[in-house]
Amino acid sequence: MPKFSDRVERISISGIREVFEAAGDDAINLGIGQPDFPTPDHARQAAIDAIQSGKADAYTANKGIAPLREAIAEKHRRDQGIDLEPSNVIATAGGSEGLHIALEAHVGAGDEVIVPDPGFVSYDALTKLAGADPVPVPLRDDDTIDPEAIEAAITDDTAAFVVNSPGNPTGAVSSEADVRAFARIADEHDVLCLSDEVYEYTLFEGNHYSPAEFADGDSVVVVNSASKLFSMTGWRLGWVYGSAERVDRMLRVHQYAQACASAPAQYAAEAALRGDHDVVEEMTASFERRRDILLDGLADAGIECPAPSGAFYAMPRVPEGFVGACLDRGVIVVPGDAFGEHGRGTARISYATDESDLREAVSIMAEAYEAVR
């Protein structure tokens, strides 16, 4: 009988993947969080040039190539006014590795990590893999993260809390007041605020704010990624930044788990960050149109759904059996409880798909809703 670690036995295969495997090959997939735009040509070309010149043949520095880290620091100085040193940036294998090394470096057995519920599936799982205990806090009725709920959940065992704006799975965007409150809570309670900002550029209303803009000390670590910003999911290139002391500890995990991020992807991401951002505006405008198609269709069907302000997800309130009825009719949506106990009675819909497919899917979802309500 094989023996496995207690940590890995605390987690299971993501509910998102289970839904995919249950669907047919020709199903309309509203379950995957992946932009359907091509990676910008200048980013692709930078990777090709790096490969052909031999620059991408060897390991890079553990933190990543200097030009990429300089481009990341410039991006955050430009977008958030954050005085970020390139030495305090680590290039990672996607935002997923950024979350992993941040939690591994900061929490351990007996610690607690406050996570939004519903929230991205990795928050709960990676906390458990680090040997700590996730403490889920419910969202507000509009699906935003409530700073008061976070503060009320803090105990002597709290090592960190996770915030995510724009949010997955909700599409909700935190206000400036809330983000300032996250920074204050981290400073006053001396706990880490881990801010997941990978959907930063996909914003339909308002502005994006980072707790790192407002924190007084070194209480914030930010995870970001080229995946959703520049439609580079397959390149697996993200980054994490924080104070020098925090980066040192995260680097200790990263150097053994990964050594360095993919060299060709690093050159591609540098070019994406420094290049023309017209594709970003094009994607955001397209996702906003698709959001409106989805919301209008759901409203016509009588399905309640908070209007997402960013990312490309929505979480309508649906009756039991809705997800299965959609799957039976060839549309993949994800049950809300895959993202936490408070996701029950909802479904996550990704509208990062072709508009014609989306319109067809909306019609099918209306039929599914009628069949089970």
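Return the residues of region 166-196 that are within 17 Å of residue 124 (Cα to Cα) and of a type in the set (Ser, Thr, Tyr); say none if nothing qualifies.
170, 195
What's the total number of residues in region 191-204 that are part of a loop (DSSP other than H, G, I, E, B) and either over 23 Å from residue 281 (Cα atoms) or not hydrophobic (A, V, I, L, M, F, W, C) (or both)?
Looking only at that region, the number is 6.
Need the failing condition index for residue 185 against (1) under 17 Å from the mean Cα position of the chain (by Cα); (2) of a type in the set (Val, Ile, Thr); (3) over 24 Å from residue 254 (Cβ atoms), just the number.
(1)
Every residue, every condition in (1) of a type in the set (S, T, N, Q); (2) crowded, with 20+ Cβ neighbours inside 10 Å; (3) outside the structural domain of residue 350 (by TED's automatic domain parsing), yes or no:
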{"site": "157", "(1), (2), (3)": "no, no, yes"}
{"site": "163", "(1), (2), (3)": "no, yes, yes"}
{"site": "169", "(1), (2), (3)": "no, yes, yes"}
{"site": "176", "(1), (2), (3)": "no, no, yes"}
{"site": "180", "(1), (2), (3)": "no, no, yes"}
{"site": "183", "(1), (2), (3)": "no, yes, yes"}
{"site": "205", "(1), (2), (3)": "no, no, yes"}
{"site": "239", "(1), (2), (3)": "no, yes, yes"}
{"site": "243", "(1), (2), (3)": "yes, no, yes"}
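Kindly indicate whether any position in region 257-271 is over 30 Å from residue 181 (Cα atoms), of a type in the set (Asp, Glu) and touching a helix residue (DSSP H, G or I) at 6+ places or on another chain (Cβ under 8 Å).
Filtering region 257-271 for residues over 30 Å from residue 181 (Cα atoms) gives 257-271.
Going one step further and asking which of them are of a type in the set (Asp, Glu), we end up with 270.
Still in the running and touching a helix residue (DSSP H, G or I) at 6+ places or on another chain (Cβ under 8 Å): 270.
Yes.
Each row is one residue, and each column tells you yes or no for (1) buried (at least 17 other Cβ atoms within 10 Å of the Cβ); (2) in contact (Cβ under 8 Å) with a residue 60 or more places away in the chain; (3) assigned to a loop (DSSP other than H, G, I, E, B).
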| site | (1), (2), (3) |
| --- | --- |
| 108 | no, no, yes |
| 119 | yes, yes, yes |
| 122 | yes, no, no |
| 141 | no, yes, yes |
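When only residues in region 1-58 that are closer than 30 Å to residue 110 by Cα, in a loop (DSSP other than H, G, I, E, B) and over 24 Å from the mean Cα position of the chain (by Cα) count, which is modelled with the lowest pLDDT?
Checking each candidate, the answer is 1.
Kindly provide the set of residues from region 292-328 that are farther than 20 Å from residue 27 by Cα and either part of a helix (DSSP H, G or I) or of a type in the set (Lys, Arg) (or both), ordered by number.
Answer for region 292-328, where residues must be farther than 20 Å from residue 27 by Cα and either part of a helix (DSSP H, G or I) or of a type in the set (Lys, Arg) (or both): 292, 295, 296, 299, 300, 317.
Looking at region 281-323, which of its residues are of a type in the set (Lys, Arg) and touching a residue at least 40 places away in the same chain (Cβ under 8 Å)?
Passing the criteria: 289, 290, 291.
Can you tell me which residues in region 205-219 are assigned to a loop (DSSP other than H, G, I, E, B) and more than 17 Å from the chain's Cα centre (by Cα)? Show your work before the answer.
We begin by selecting, within region 205-219, every residue assigned to a loop (DSSP other than H, G, I, E, B); these are 205-210, 214-219.
Within region 205-219, 205, 206, 207, 214, 215, 216, 217, 218, 219 qualify.
Could you check how many residues of region 151-167 are within 19 Å of the chain's Cα centre (by Cα) and outside any strand (DSSP E or B)?
Qualifying residue count for the region: 3.
Taking region 61-82 only, how many residues are assigned to a loop (DSSP other than H, G, I, E, B) and either surrounded by 21 or more Cβ atoms within 10 Å (Cβ to Cβ) or touching an Asp or Glu at 6+ places or on another chain (Cβ under 9 Å) (or both)?
So the answer is 5.
Taking the stated definitions as given, is residue 348 part of a helix (DSSP H, G or I), at pLDDT 95 or above, charged (D, E, K, R) and closer than 23 Å to residue 26 by Cβ?
no
The values are calculated or read from the model by the stated rules, or taken from the named source; none is laboratory data. In this text the structure is predicted, and so the values were computed from the model without any measurement. Positions of Cβ are backbone-derived with ideal geometry, glycine not excepted, and every protein chain shown enters the neighbour counts.
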